[in-house]
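Please treat every number below as a calculation from the coordinates, not as lab data. Here the structure is a predicted model, which is why all the values come from computation and not from measurement. Note that each Cβ is placed from the backbone with ideal geometry, even for glycine, and that neighbours are counted across all protein chains shown.
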Amino acid sequence: MSVMFHLAFPIYDMQKAKYFYKDMLGCEVGRASNYAMIFNLGGHQIVAHKVDEQPPKQSTIYPRHFGLIYKDKSAFHAFIDTLNARGVSFEIPLKTRFPNTEIEHESFFLLDPSNNLLEFKHYTHPSAIFGGQVFASVGEAPSRES
């Protein structure tokens with residue numbers, strides 16, 4: 001089956017969004033209007049929809065973020081090198097999660113100009129992308145601060 005992923009998300013400033021996704025991340029720009037813009041993110045369609053108010057910044061990475069999983073480690077690190085060369089700020093720097101387990105992966109987060117979080121990662125063991133059910137670890141436990 002040949003399918004592509006589609007995601008719609010809010011943006012506050014069209015020009016800042018275009019600069020971030022096109023110039024910083026390297027996404028190809030598709031159709032655009034005064035209220036929406038299509039980007040190619042790793043072969044998938046993401047559509048930025050203009051909103052009237054700046055979306056609030058989440059206090060943690062949960063519950064909402066999106067991004068890409070790189071299957072090739074060298075391509076993942078080449079992307080990181082490109083981001084560094086372009087001066088992109090990392091919201092959460094590169095780190096290894098669940099080290100020395102079957103679900104080990106490297107991950108980092110970026111924050112776009114409209115407070116959307118993007119995660120990019122590479123799994124040491126590709127089977128962990130959808131597998132690894134013996135592990136109860138998915139994400140991190142939410143903070144229960146009052």
Quiz item: Label-point separation (nm) for LYS73 and LEU94, each offset 7 Å from Cα along Cα-to-Cβ?
Solution: 1.2
Practice problem: For the chain, please report how many Lys pairs fall under 26 Å Cα to Cα, leaving out neighbours fewer than 8 apart on the same chain. | Solution: 19
Quiz item: Which one is right for this structure if semi-axes √(5λ) of the Cα gyration tensor in Å is calculated from it: (i) 98, 15, 12; (ii) 21, 19, 16; (iii) 27, 19, 15?
Solution: (iii)
Exercise. With r as the distance between the Cβ atoms of ARG86 and HIS125 and R0 = 35 Å, compute the FRET efficiency 1/(1 + (r/R0)^6) and round to 0.05.
Key: 0.70
Practice problem: Please state the charge dipole magnitude for the stretch 1-56, taken about the Cα centre, from unit charges on C-beta atoms (+1 on K and R, -1 on D and E), reported in debye and rounded to the nearest 20. | Solution: 120
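Under 11 Å from the Cβ of ASP23, count the other residues' Cβ atoms, weight Lys and Arg +1, Asp and Glu -1, and hand me the total. Walk me through the numbers before you get to the answer.
Details: positive: LYS16, LYS18, LYS22, ARG86; negative: none.
Here the charged neighbours net out to +4.
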Practice problem: Can you tell me how much longer the chain between PHE66 and GLU53 gets when fully stretched, taken as 0.36 nm per residue apart minus their C-alpha distance, in nm with one decimal? | Solution: 2.6 nm
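Rounded, prolate or oblate, given the Cα gyration tensor of the stretch 1-83, with a/c below 1.5 counting as rounded? Walk me through the intermediate numbers first.
Details: a/c = 1.56, a/b = 1.35, b/c = 1.16.
Verdict is prolate for the stretch 1-83.
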Quiz prompt | Mean Cβ neighbour count within 10 Å, used as a protection proxy, ranking 114-125, 66-77, 89-100 highest first | solution = 114-125, 66-77, 89-100
Self-check item: Check: the stretch 6-128 dipole with +1 on Lys, Arg Cβ and -1 on Asp, Glu Cβ, in debye
Solution: 120
